[in-house]
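Just below is one structure, and these are the notes that go with it.
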Amino acid sequence: MGRFLAIALLALAACSSEGAGPITGALMERVKGALPGGDEEPKGPPPIRLTRAMVDQAGTAMIRGGLLSENARSVFSAVTENRGFVTYASRFGQSLTLHGSLITGTRGMGRDLLSVTPDARDPLVVPTPVADWPASIGRRYVFPGNGPQGRVVEVRCRYTVEKPLEMEIVEVTHTGFQVREDCVGPDIAFQNQHFADGRSGFVWRSQQWIGDAQGTLDLEIVEPYTGG
């Protein structure tokens, strides 16, 4: 964890440029306390533009994301990993936990998403060429609620490949497909959008529903987590 934290602090200090699952409060305080500005948005000069050189220098997994309703994004760097679940933190006290490219937890974004249990075949968790994506998968979302189980939302999601696409993410161009994901459950329906790599099916960018209160989060995988 020390290596994660040291690298994450470097990345966050150099690269936070635009305005989770469980992560220990002490670690979050160390991340925030080591960076200028604490909990508040930086004042004065405009944010530094994130470049690929900054990403390479940081040498850690990195994502960028924000709620569509807020028209702003933050840079998050990896701080912990536990059995494939990677938690990323921003300098503003927010965190996102991802399993592959699937958002499975949030912190500091309002009424947070506590957990997501995906299907074993979920292509956001297990990269799969788009032609081989399953017709449908199931997911179980858990939010704060009355009782120890919280509020549970179970949905069934189906995929539609819409069109081939090229997308640039911090100076790297990826070629792939835009895929629509329509999810339906008891008294709920929502739509996610994914940009999947043309060969591996890895999802580089997506717009994912993270709850009624937060709505949809726009997520980019700037530098994927590869272990170690």
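Values computed for the structure shown
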item	result
Order of Ser200, Ser206 under a 10 Å beta carbon neighbour criterion, fewest first	Ser200, Ser206
Percent RCO, i.e. relative contact order, over segment 52-140, from Cα pairs under 8 Å lying at least 6 residues apart	15 percent
Segment Val172-Thr51, extension gain: residue separation times 0.36 nm, minus the distance between their alpha carbons	42.6 nm
Segment 77-133 - Rg and Dmax from Cα coordinates, angstrom	12.6, 39
Three-way shape call for segment 42-110 based on the alpha-carbon gyration tensor, with the a/c threshold at 1.5	oblate
Sequence ranges 209-216, 162-169, 102-109, ranked by mean other-Cβ count within 10 angstrom, highest first	102-109, 209-216, 162-169
Estimated vicinal HN-Hα couplings, Hz - segment 221-226 in sequence order (Karplus 6.51, -1.76, 1.60; Gly, Pro = x)	8, 6, 9, x, 6, 10
Relative contact order [Cα under 8 Å, 6+ residues apart], segment 122-228, whole percent	21 percent
Estimated Rh, segment 78-228: Kirkwood, alpha-carbon pairs, angstrom	15.9 Å
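Bear in mind these aren't lab numbers, they're just calculated from the coordinates by the rules spelled out. Small disclaimer: the values here were computed from a predicted structure and weren't measured. So basically every Cβ, Gly included, is an ideal-geometry build from the backbone, and we count neighbours across all protein chains shown.
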